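Right, one structure below, let's go through it.
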Amino acid sequence: MDAQKFGSFIAALRKEKKMTQAELGQILHVTDKAVSKWERGIGLPDINLIEPLADALGVSVLEIMKSEKIEARPITDSEASEAIINSFDMVKEQRKQERKNIIKIVLIVFAITAVVLLIDSLAAAGIGIFFVFVFLPLACFIGGLSLLVYGLIRKKKKLPCTQAIVAGLILLLLLMFIFAFFFIGGILGLSPTPT
């Protein structure tokens, strides 16, 4: 789907309806900035918003997907196929963007945690012990919680959230595994006890 063509089509329909970006955003439960991004061709709406967007602008879903008005005539198989393919392309793009956001969150959390703990542990005896006993568990905890919160916010907005929630749970499970390893190692006298 061509984002520029889509944006121009949405803007023209909105103006025909004498709606502001804020009014359209309010109908769709998104910000006026989101509508502005669509109209400028910077992004596309979530796939779940296509039908409400079509309803709000008084056109069919197929017209929204093709970004052009269609005369009142039967829809051809090729037009229907193209609309379905465009839908799949939008979903793929949204999942790709979600993965990028998850990676950004994880990297930011790990970087901030590393800097804070590195500054705090300049007097620590060994970096390996510091990494295993302090940095890794703390990064897993903060990263896991951050991703869970991000996933829940996306779920509340009715956006795809599975990848963020799964990544957050994996980090929290890794944290539990690390603590179990330390606990069992401490009981057996195989691992040092953190101070």
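So ALA54 ticks every box in (1) under 22 Å from LYS155 (Cα atoms); (2) touching a helix residue (DSSP H, G or I) at 6+ places or on another chain (Cβ under 9 Å) but one. Which box is left unticked?
Condition not satisfied by ALA54: (1).
Counting just the residues of segment 66-106 that are open to solvent by less than 70 Å² (accessible area, probe 1.4 Å) and of a type in the set (A, V, I, L, M, F, W, C), which one comes out farthest from GLU16 (Cα to Cα)?
Among those residues, the one meeting the criterion is VAL106.
Mind listing whichever residues of segment 135-169 are in contact with a helix residue (DSSP H, G or I) (Cβ under 8 Å, 6 or more places away or on another chain) and open to solvent by 90 Å² or more (accessible area, probe 1.4 Å)?
PHE141, LEU152, LYS155, LYS158, THR162
Mind checking which helices (runs of 4 or more DSSP H) fall wholly inside segment 1-96 and carry at least 3 residues that are among the small types (Gly, Ala, Ser)?
3-16
Out of all the residues in segment 178-195, which are surrounded by 11 or more Cβ atoms within 10 Å (Cβ to Cβ) and either modelled with pLDDT of 85 or more or part of a helix (DSSP H, G or I) (or both)?
Residues satisfying the conditions are ILE178, PHE179, PHE181, PHE182, PHE183, ILE184, GLY185, GLY186.
Here are some conditions: (1) under 19 Å from LYS157 (Cβ atoms); (2) open to solvent by 50 Å² or more (accessible area, probe 1.4 Å). GLU16 meets all but one. Which one does it not meet?
(1)
Given the conditions (1) in contact (Cβ under 8 Å) with a residue 24 or more places away in the chain; (2) open to solvent by 50 Å² or more (accessible area, probe 1.4 Å); (3) over 21 Å from LYS92 (Cβ atoms), report the number of the one that GLN21 does not fulfil.
GLN21 satisfies every listed condition except (1).
Could you tell me whether GLU23 is acidic (Asp, Glu) and closer than 11 Å to ALA56 by Cβ?
Yes: the conditions hold for GLU23.
Which is at pLDDT 80 or above and out of contact with any strand residue (DSSP E or B) (no Cβ under 7 Å at 6 or more places or on another chain), of ILE112, ILE108?
ILE108
Could you give every pair whose Cβ atoms fall below 6 Å, whose first residue belongs to segment 65-87 and is under 16 Å from LEU53 (Cα atoms) and among the polar types (S, T, N, Q), and whose second residue is open to solvent by 30 Å² or more (accessible area, probe 1.4 Å) and part of a helix (DSSP H, G or I), counting only separations of at least 6 or pairs across chains?
As it stands, the answer is SER67/LYS5, since those pairs meet every condition given.
Taking interchain pairs and intrachain pairs at least six residues apart, which have beta carbon atoms under 6 angstrom, with the first residue in segment 93-106 and among the charged types (D, E, K, R) and the second in a helix (DSSP H, G or I)?
GLU98/GLN163
The values are calculated or read from the model by the stated rules, or taken from the named source; none is laboratory data. Fair warning: this is a prediction, and the values are worked out from it, not measured in the lab. Glycine also receives a Cβ, built like all others from the backbone with ideal geometry; neighbour counts cover every protein chain displayed. With ligands, DNA and RNA removed, areas are computed over all heavy atoms of the protein, side chains included. Shrake-Rupley method; radii C 1.70, N 1.55, O 1.52, S 1.80 Å.
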